[in-house]
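First the structure, in the form of structure tokens, and then the observations on it.
The values are calculated or read from the model by the stated rules, or taken from the named source; none is laboratory data. Everything quoted here is computed from the prediction, not taken from an experiment. With ideal geometry, Cβ positions are generated from the backbone for all residues, glycine too; neighbour counts draw on all protein chains shown. Ligands, DNA and RNA are excluded from the accessible area calculation, which covers all protein heavy atoms including side chains. Shrake-Rupley method; radii C 1.70, N 1.55, O 1.52, S 1.80 Å.
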Amino acid sequence: DTEGLLRIKEENQKHYRRAQRHQEKKEKIQRHNRKLGDLVEKKTYDLKTQYEHLANLRRTHILELTSVIFPMEEVKTSMRDPADVSSESDNAMTSSTVSKLAEARRTTYLSGRWVCDDHNGDTSISITGPWIILPNNGDYSAYYSWVEEKKTTQGPDMEHNNPAHTISAALCYATQLVNTLSLILDVNLPKKLCNRQVKTHEFCGENLSRHRFTRAVKKLNANILHLCFSQHVNLDLLHPLHTLRNLMYLVSPDTENLGR
């Protein structure tokens, strides 16, 4: 029994020494983990700082780009509401008629359906200058009408102020701006629109058919919305047909996450 007791004590001492070594190893691993945790926390902070610095640089470049090369602003037209004019000419007009006229004025027939738009005809958005504008409500029917008219009209086109010219030019500039923004923000666009050469540009080349023009505009609007989503623009401000207005919200100095 005494020999067995001594043998058990020796085994217990071996286990105790092994437990001490394991404890030391455990403490060493814990110290290493704490050291790595502090390093990861520092690297994470440095990375966040670099992201903020990069976002500020992107934001600065975008604001310079949109203020010097691609300035955009809202152009208001001096149109009076037909309801107001009619009510002035006819004092006996009922309030229901006035409201119906106002509602009709805010409605646009676009792409085979009626679209309600509070900015119908009142405002346009200009890009690179007040003479290059797009209708705020996304109604580009002036371009379709011009293309159809050119098919039946012979001779050179001398109407340099034709709305179709300004529409195609504005869409061309918008495409260039969107592609440049995607490079600055490092965001891949879902739709491809070529703008490397003016001759091969979607909007500045030959006259597009209604189908090709509508398809190109949809691709451009999809790219703009994708950029807006990537920069966390308030969704309540966006409209799928408002090409330049969505761009204005994207590059606005009030966009808190611009450059993220």
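The table for this structure:
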read-out	value
Which of VAL187, VAL178 is most accessible, then next, and so on - probe 1.4 Å	VAL187, VAL178
Where Rh is the Kirkwood radius over Cα pairs, Rg/Rh for segment 1-65	1.66
Nearest-10 value in Å² for the accessible area of ILE8, using the 1.4 Å probe	90
FRET E, pair SER67, HIS232, Förster distance 30 Å, beta-carbon r, rounded to 0.05	0.85
Solvent-accessible area of PHE229 with every protein chain in place, 1.4 Å probe, in Å² to the nearest 10	110
Full-extension gain in nm, VAL40 to GLU52, via 0.36 nm per residue minus C-alpha separation	2.5 nm
Accessible area, probe 1.4 Å, largest first, for residues TRP146, TRP131	TRP131, TRP146
